[in-house]
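The values are calculated or read from the model by the stated rules, or taken from the named source; none is laboratory data. Since this is a predicted model, take the numbers as computed values, not measurements. No Cβ is skipped: glycine too gets one built from the backbone with ideal geometry, and neighbour counts run over all protein chains shown.
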């Protein structure tokens, strides 16, 4: 896997420890492009804009890693394997010397959300759901993505609601951090 990937919309520089295939890399590029777009629309500058970009690049950096590697990194023997890549990537970021807590926590919790997130965590949670490569509800998600920079809190609330409704409809587990996030944003 090359460390630097250039697309027509965004440049992706993955860390050496990343483990992603081509499909995941395309998803990462779409999420990062959306976050970069929102950062420009929100008039974020310098470090704040870089934080958005880096969250997009790093959120799924271990999504295609073997389950045994993810469990070893997290020390988690019980969670579903698809819940481990964010916490594992956060561990790797810390080991690599990353000090931006907002980035580490955004990556750690991006799958299920967290009530105490800073702006970048909420943006990543939305972008991961709203990126245009996903097949479900394309018109609704495109509408929300287009309005996120103009009504950030309102769109965030809609995304959290949609994800909770999907979990309830499909009989999925509701995580305490997700419920706390909903209670904070509603």
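The single residue among 18, 33 that is modelled with pLDDT of 95 or more, part of a helix (DSSP H, G or I) and under 24 Å from residue 118 (Cβ atoms) turns out to be 33.
I'd like the full set of residues that are part of a loop (DSSP other than H, G, I, E, B), free of Cβ contacts under 8 Å to residues at least 12 places away in the same chain and more than 18 Å from residue 52 (Cα to Cα), limited to the range 82-101. Even if it seems obvious, please write down each step before you answer.
First pass over the range 82-101, keeping only residues part of a loop (DSSP other than H, G, I, E, B): 84, 96-100.
Applying the additional criterion that residues be free of Cβ contacts under 8 Å to residues at least 12 places away in the same chain yields 97-99.
Passing the criteria: only 97.
Taking the conditions (1) surrounded by fewer than 17 Cβ atoms within 10 Å (Cβ to Cβ); (2) assigned to a loop (DSSP other than H, G, I, E, B); (3) at pLDDT 95 or above in turn, residue 134 satisfies each one other than (3).
To keep it simple, each residue is scored yes or no on (1) in a loop (DSSP other than H, G, I, E, B); (2) under 18 Å from the mean Cα position of the chain (by Cα); (3) at pLDDT 95 or above.
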| site | (1), (2), (3) |
| --- | --- |
| 143 | no, no, yes |
| 146 | no, yes, yes |
| 155 | no, yes, yes |
| 158 | no, yes, yes |
| 161 | no, yes, yes |
| 166 | no, yes, no |
| 172 | yes, no, no |
| 182 | no, yes, yes |
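Residues that are closer than 17 Å to residue 156 by Cβ and part of a helix (DSSP H, G or I) occur at least once in the range 53-71. Pairs meeting the criteria (first residue in the range 104-123 and at positive phi and touching a residue at least 40 places away in the same chain (Cβ under 8 Å), second residue assigned to a helix (DSSP H, G or I) and surrounded by 24 or more Cβ atoms within 10 Å (Cβ to Cβ), beta carbons under 7 Å, at least 6 apart or on different chains) are 113/125; 113/181.
Would you pick out the residues in the range 58-81 that are under 20 Å from residue 124 (Cα atoms) and buried (at least 23 other Cβ atoms within 10 Å of the Cβ)? Within the range 58-81, 58, 59, 60, 61, 62, 63 qualify.
Out of 124, 93, 84, 103, report the one residue that is more than 23 Å from residue 182 (Cα to Cα) and surrounded by 20 or more Cβ atoms within 10 Å (Cβ to Cβ). The conditions single out 93. Specify the residue that is farthest from residue 137 (Cα to Cα); the eligible residues are those in the range 158-177 that are out of contact with any helix residue (DSSP H, G or I) (no Cβ under 7 Å at 6 or more places or on another chain) and surrounded by 14 or more Cβ atoms within 10 Å (Cβ to Cβ). So the residue we want is 175.
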